[in-house]
Amino acid sequence: MTLSHRVSTFAASLVVAVFIAGSHAAVISVTETGNLEPERSIVENGGAGVFDPGHPGTNVADGSLFGEDVDVFTDRTHEHNGAAFDGGGALSTSGGNIVPLPAYLVGNEYVTFANDGRDNNPYNFNIKTDVNSDFYLLLDNRLNGTAGNTSSPNTTDPDLGGNLTWVTADGWQRVNTGISPGGQADYTGVDEGGNAVGPGLGLNQFYSVYKLTGTDVDIKVQGIGGSNNYSVVIAEAGPTPPPPPFTGAQIDVGPNGQRVAADFIGVGDQNANTNGVDMSLQTITVDGQVLTMGMTSGGAGNLDWRDRGDGTGSDSLVPVGEDFVKNNAGHVSVLLGNLPAGTYTATSYHVDPNFTQSNDISVFVTDAAGQNVLQGSTGDAGQAIGGVNGLTNTNIGNSAATFTVVSNGRDPVIVRFDGTPSADNETPFNGLTLQLDAPGSDFFRGGLVDYAIIDFGAGNHRLDVGANRVNSAASTSVTAFNGEQFMVSVDNGGNSGSIDLRDRGNSTNGGEFLVPLAEDHFKNNAGFVNVTLDGLPAGEYEVTSIHVDAEFSQSEAIDIFVTDAIGANVLQGVQGDASFPGGNPGGSGENLLNTALILDHSAIFTVVSDGINPVSILFDGSGANDTEVPVSGLVLRRLEAGVPEPATATLSLLGLAGLAMRRRRRA
């Protein structure tokens with residue numbers, strides 16, 4: 001946008017009628033008094049907006065809604081941008097940890113004030129809207145209201161004394177949605193030159209964000225020269241919309257002040273040419289999901305931070321290749337925390353545009369699928385680039401390693417890069433992309449699961465995505481996806497036989513949903529496996545039990561008896577089936593596992609917990625031709641919180657039993 005779109009008027013009081021397009025909150029009038037400047041304050045509404053058509057010379061809008069790089073003022077080149085933080089979590093105009101503009105501000109109407117009016121006193125700007133609205137006030141951190149000057153540091157909130165006491169007196173509340181590191185409240189940035197594009201770049205100052213809800217709001221006097229005047233964003237009030245589904249992240253690693261590639265998030269906490277410093281745990285916000293990331297040398301050598309300058313190439317990955325961390329001893333270890341449960345395709349980039357380095361960078365992953373597992377792809381930093389101007393998408397892509405990581409949603413994922421197989425051990429790391437694989441995600445989130453997964457097996461058996469490991473028949477604590485906890489124990493229910501634990505090894509199809517769960521199991525050759533859920537929160541649950549031994553065909557008819565809030569030892573209308581019609585799969589049977597086969601060896605039924613008494617599920621194969629009963633795991637989906645009325649529970653049981661009969665082949 002350009003200042004040529006503005007037309008001035010010298011009126012000291014202005015009443016503005018606004019014609020609004022779009023579904024956001026509609027400003028129906030503004031009244032400005034006390035503005036002695038030639039440029040008027042106006043509302044940007046995203047359309048052609050005509051303001052006070054009866055008064056020629058009044059400002060007109062230029063079609064913007066609030067977002068990155070829109071104008072802050074009617075009389076300056078300043079632009080709104082996302083904030084930036086340094087490695088210690090403090091606001092920094094050259095920080096490498098960039099937080100884009102808060103989502104609740106973007107896409108809404110906003111007011112551009114005249115910056116020359118910052119010291120006008122008295123002053124008032126009244127805004128009326130057609131619906132209940134959230135008004136967001138952005139205040140320059142440097143404001144010291146008590147002293148009447150700009151002596152407050154720009155890295156902390158302004159002093160709201162003196163002329164600014166109206167902010168707290170009128171009920172404006174500081175906004176903290178968790179997007180800033182270290183639990184700090186929300187901030188935005190200001191690029192005073194208006195010559196940088198994208199969040200966190202070209203910054204000079206910062207705003208603190210305050211909120212007031214209503215339909216008639218007064219923005220009162222600031223009255224302090226030498227500062228940035230305030231800004232106001234108007235959004236329709238209502239429930240906070242859920243963030244878009246998390247589909248992955250693009251992370252550009254480098255020193256503070258690095259140029260960050262479009263659609264990437266810059267991560268780094270040291271200045272360029274700093275040597276021997278690991279990266280402390282940083283927060284990254286993507287689609288409302290707050291991730292954490294740290295980097296170390298893995299115990300050998302040191303991490304060094306390099307920025308080779310800005311290349312002239314226009315390819316999208318050039319900013320990624322310009323800067324990096326590296327370890328001359330060959331090891332870079334990356335920790336990713338809070339990564340939502342799922343299977344991801346990861347791509348790492350390894351290039352130093354000025355020097356050739358390790359041409360054989362092995363990748364080891366510790367995640368829900370295994371510990372320190374060597375991946376089948378390697379990075380290559382051995383290309384001769386010839387400096388940053390030689391960077392292209394092709395040579396940066398040629399440096400990349402592509403591999404798979406599996407997150408259980410709780411434990412961190414650790415990726416270790418090892419360049420020591422090469423004659424040149426030096427290993428650079430420029431960045432990482434993570435793409436959530438849709439098939440596993442869709443099944444995991446939308447179909448069978450929304451409460452908890454229990455994976456039975458021996459020792460440190462491989463876990464399914466998001467599952468709880470239960471490797472002892474004794475009482476074991478498990479955690480649901482919503483954080484609730486309960487206990488699980490396994491015995492023979494007072495019947496014959498013993499509980500044996502088995503792990504049949506890792507399937508080559510381990511990326512498919514439920515395959516890691518079916519690789520291992522508890523079993524009783526005499527036919528009785530009793531699972532007790534103690535402390536299960538009150539509610540009605542659909543339970544899917546999995547019955548697979550990957551090496552042996554076992555009981556073809558597993559009766560299921562439930563003791564819960566509905567009754568004691570109640571026979572369910574479904575059976576489990578652990579038989580393979582073709583006989584025993586044999587020693588490599590785990591490689592035959594797939595999601596469809598596993599679901600064909602499952603049973604679906606319902607339990608009701610009163611939140612006090614334990615729920616017990618007895619799997620009984622004693623009446624089958626083959627009495628051996630394996631239980632690989634349980635998948636729980638909560639149908640209703642709290643204890644349902646008896647009639648409701650009965651109808652639900654009948655309906656689910658019918659559904660299960662249709663979905664499962666029965667003896």
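The values are calculated or read from the model by the stated rules, or taken from the named source; none is laboratory data. Everything quoted here is computed from the prediction, not taken from an experiment. Please note: Cβ atoms are built from the backbone with ideal geometry, for glycine as well, and neighbour counts cover all protein chains shown. Keep in mind that these areas ignore ligands, DNA and RNA; they rest on the heavy atoms of the full protein, side chains included. Shrake-Rupley method; radii C 1.70, N 1.55, O 1.52, S 1.80 Å.
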Leu436, Leu138, reordered so the largest accessible area comes first (probe 1.4 Å): Leu436, Leu138
Residue-by-residue Karplus 3J(HN,Hα) for region 126-133, coefficients 6.51, -1.76, 1.60, Hz, glycine and proline x: 9, 10, 10, 10, 7, 9, 4, 10
Zero-based 20 Å bins, Cα pair distances in the chain, whole percents: 17, 36, 32, 14, 1
Approximate spin-label separation Ala568-Ala596, in nm, with each point projected 7 Å along Cα-to-Cβ: 4.5 nm
Theoretical FRET efficiency, 1/(1+(r/R0)^6), r = Cβ-Cβ of Thr165 and Leu36, R0 22 Å, to 0.05: 0.45
Helix-only mean residue ellipticity at 222 nm for the chain, each DSSP H run of n ≥ 4 adding -39500 (n - 2.57), per residue, nearest 500: -2000 deg cm²/dmol
Förster-model FRET efficiency, 45 Å R0, Ser280 and Asn625, C-beta, rounded to 0.05: 0.15
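Please compute the per residue accessible area over the chain with all protein chains in place, 1.4 Å probe, rounded to a whole number of Å².
Heavy-atom accessible area per residue stands at 36 Å².
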Counted charge near Asp304, where neighbours are those whose Cβ lies closer than 12 Å (Asp, Glu -1; Lys, Arg +1): -3
Options Asn495, Pro516, Asn530, ranked by Cα towards positive dipole end of region 488-537, top entry (Cβ charges): Asn495
19 Å reach of a label modelled at Ser316, 7 Å along Cα-to-Cβ, counting backbone N of region 382-410: 391-403
Length-normalised contact order of the chain in % [C-alpha pairs under 8 Å, at least 6 apart]: 9 percent
Ranked order, Asp269, Asp278 - accessible area, probe 1.4 Å, largest first: Asp278, Asp269
Rounded to the nearest 20 debye, dipole of region 466-524 from Cβ charges on Lys, Arg, Asp, Glu: 80 debye
Long-range HN-HN contacts of Ser29 with modeled amide H, under 5 Å: Lys128
R0 of 41 Å, Cβ-Cβ distance Val197-Glu640: FRET efficiency to nearest 0.05: 0.25
Exposure ranking of Ile361, Ile612, Ile566 by accessible area [1.4 Å probe, largest first]: Ile612, Ile566, Ile361
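Given a 1.4 Å probe and every protein chain left where it sits, what share in percent of the accessible area of the chain is carbon and sulfur?
The computed percentage sits at 51.
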Distance from region 163-227 to region 475-516 (C-alpha centre basis), Å: 50 Å
The chain - charge dipole about Cα centre, Lys and Arg +1 at Cβ, Asp and Glu -1, debye rounded to 20: 400 debye
